[in-house]
Amino acid sequence: MQQEPKVNIFILHFGSPVETFNCLESSLNLNYSNFNIVLIDNDPSQILKTEFSKKYDVEYLNQDFVSLKQKKVFIVNTGENLGFSGGFNFGIDKMKKYGRSDFAWLLNNDLVCEKNSLVNLIQFSKENKNHSIIGSCIEIDKENRTFYGANLNLITGDDKPVMLSNNNTKNCLELNQQKRWLFAINGAAIFINLNLNTDRNILPTKYFLFFEEFYLAEKNKQKSLKIITCLSSTVYHQSSVNTSKNSKFLIYYIFRNRLAFFLEFYPQYFILIFLYQSIRVGGGYFKQFKFKEFVWVLQAIIDAPLTRFSIKPFFGK
């Protein structure tokens, strides 16, 4: 009998341990057997291991992992906040000493997995062997919405979420076939075929936070590999922690990484996108007398070329 593919489930912890443990519990109850769970403590407080020991009465098998519900749960500390990409890359690299896995499933800690979400991803991957990265549908209970992924307009630089409804899937696929659009899966749940993705750093560490899903989509497109969302795999967003629309993290990193992305992959459109986005976003804040937000946009503009060439930025990470 052929053995099930081996999966490492990576849960990136930052913020609330409650959310992380909810995600962990749902992962332990998945209808699949051949997987390990890796909790990546990416919070500067580095208290996850302590909180874990308080919540679960377990015996540590070594300094890195415990046995919980007959599953191996690894806890790794980054030592600092490495961001979304840096945290996951750290965890993936750390697990290499424990042997090779076929797939990596990267989860934000604010998700809860439906029981069949992983086994459906595995089956979908078997049927679509040239798809290197597969996404899950993300349901947001409080807003009664389901996200399929996102489309990026390659002329204006605007991105918009693709919502699931009776007609959305077809529309999404049609947009994806047009040259001016780039489709990306939800960045909160990324299922990676490690037989097709062999780079040491799968995610762009230089981005730190936001826009990683479009980077992945473009890099795989260049390799003639495909990205798609599995409609039968669903995860639920816990929705208790949201990044404020006016936070520096959101404004600075999205604007900076958007410009860095186009400077790297679509330089022919960069000037047009730079002007359009600067007027639309930066000009909008200026007109509303939101000078603090306007300064963050200026900082993002200065740092975007540095990010593109993996040079340490002045104002962010």
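Just so it is clear, none of the values below were taken in a lab; they were calculated from the coordinates. Values in this document were obtained by computation on a predicted structure and should not be read as measured data. All Cβ positions, glycine included, derive from the backbone under ideal geometry; neighbour counts span all protein chains shown.
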Among residues other than E4 whose Cβ falls under 12 Å from its Cβ, what is the net charge (Lys/Arg +1, Asp/Glu -1)?
+1
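In deg cm²/dmol and to the nearest 500, what is the mean residue ellipticity at 222 nm of the chain if only DSSP H runs of at least 4 residues count, each as -39500 (n - 2.57), divided by the residue total?
Numbers: 10 runs with 113 residues, N = 317.
Using -39500 (n - 2.57) per qualifying helix, the result is -11000 deg cm²/dmol.
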Give the percent of DSSP beta bridges with both residues in the chain that are antiparallel, rounded to the nearest 5.
50
Spelling out what I want: for every residue of the stretch 84-97, take phi, set θ = phi - 60°, compute 6.51 cos²θ - 1.76 cosθ + 1.60 (Karplus), and round to whole Hz; glycine and proline get x.
4, 5, x, x, 5, 4, 4, x, 4, 5, 4, 6, 4, 6
Starting from the Cα gyration tensor of the stretch 248-308, take the square roots of the eigenvalues, sort them a ≥ b ≥ c, and report rounded, prolate or oblate (rounded when a/c is under 1.5, otherwise prolate if a/b is larger than b/c, else oblate).
oblate
If each Cα of the stretch 7-237 is one equal point scatterer, what is log10 of I(q)/I(0) from the Debye formula at q = 0.08, 0.10, 0.11 Å⁻¹?
-0.28, -0.44, -0.53
Between the helical axis of 291-308 and the dominant principal axis of the chain, each derived from Cα atoms, what acute angle in degrees is found, rounded to the nearest 10?
70
Straight-line reach from K206: which lysines have a Cα under 21 Å away, not including same-chain ones fewer than 8 places off?
K94, K219, K221, K223, K248, K312, K317
Taking the alpha-carbon distance from K55 and a cut-off under 24 Å, which lysines remain once sequence neighbours fewer than 8 residues away in the same chain are dropped?
K69, K71, K72, K115
Once the other residues with Cβ under 11 Å from the Cβ of I273 are scored (Lys, Arg +1; Asp, Glu -1), what is the net sum?
+1
Among Q299, Q123, Q238, which one shows the biggest mean-square fluctuation in a GNM of the chain, springs joining Cα atoms closer than 10 Å?
Q123
Can you tell which of F291, F147, F21 shows the greatest fluctuation in a Gaussian network model of the chain with Cα springs below 10 Å?
F291
